[in-house]
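What follows draws every value from the coordinates through simple rules; no lab data is involved. Fair warning: this is a prediction, and the values are worked out from it, not measured in the lab. Please note: Cβ atoms are built from the backbone with ideal geometry, for glycine as well, and neighbour counts cover all protein chains shown.
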Amino acid sequence: MKHKTLTGTLTFSHFAKMLLTPIKGAILLALLATTVPAHAHDKATGVVKQRMDGMGMLAGSMKAIAKQVKSPSPDPDAIAVAAQALRDHAGAAMLEGFPEGSIEAPSEARPEIWQDWERFSKLADRLTLQGEGLVLAAANPPSGETPATKTPHDLETYAALPVDELFMLTAKTCSACHQDYRLKK
Ligand code: HEC
């Protein structure tokens, strides 16, 4: 929780000094107040919590890769490390987190997952392939272009793509699945 990080990184004297400066003190108190209510995720338990954590991991990997592909000099090692984590949390590992009917609160999973299990699995498996593809394409220079709409989904194609184009295709897999199988907020 942000609350812990905030107080954890401040010594007591820092904290006291901040409170002595009215403006900084007000900001600090406002920050503490807004970080106290728990996010829905904190209330999740069992398999729902596990898969939310896995999804959070994926978001972290995507953020790390985005940072690199947008950089004027992307670091292939940083991309490959994040892509490996992404690959390992997709496919079978992701599907294990969705036992039939597991939609208990605060889950945002939709019951359609189990009606369309084949398509849901296909998207999870595609993400594994794209993670592996990103490992292989990590050193490919970005093109600044959007990927062709009919890009075939196989490892050979992925490995030859500019890294930013494969990143965009990967982000599409996340949103395609969320679009159909995750409740809108
Ligand atoms: C095969 C389908 C599928 C794919 C692919 C997928 N997700 Fe998800 N994601 C879901 C579902 C379903 C939920 C809702 C889970 C729940 O609340 O029980 C979810 C929830 C999330 C959440 C919210 C977690 C929370 O704490 O509430 C994040 C963040 C997320 N996904 C990120 C990603 C990213 C980033 C990718 C791509 C790299 C991705 N997901 C790919 C199905 C998918």
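Which of Lys43/Lys122; Lys43/Lys67; Lys49/Lys122 have a Cα-Cα distance over 26 Å?
Exceeds cut-off: Lys43/Lys122; Lys43/Lys67.
Place the peptides 54-63, 158-167, 97-106, 143-152 in order of packing, highest mean first, counting for every residue the other Cβ atoms within 10 Å and averaging per peptide.
Result, highest mean Cβ count within 10 Å first: 158-167, 54-63, 97-106, 143-152.
Give, as ranges by residue number, the residues of the stretch 115-137 whose backbone N falls under 20 Å from the point 7 Å along Cα→Cβ of Gln84.
Counting backbone N atoms under 20 Å from the label point, the list is 127-137.
Place a point 7 Å from Cα of Ala66 in the direction of its Cβ. Which residues in the stretch 129-168 have their backbone N less than 16 Å from it?
Residues passing the 16 Å test: 164-168.
What residues from the stretch 103-123 fall in the zone where the backbone N is under 12 Å from a label point 7 Å along the Cα-to-C-beta line of Met57?
none
With labels modelled as points extended 7 Å from the Cα through the Cβ direction, what inter-label distance (nm, one decimal) is found for Ala148 paired with Asp116?
2.7
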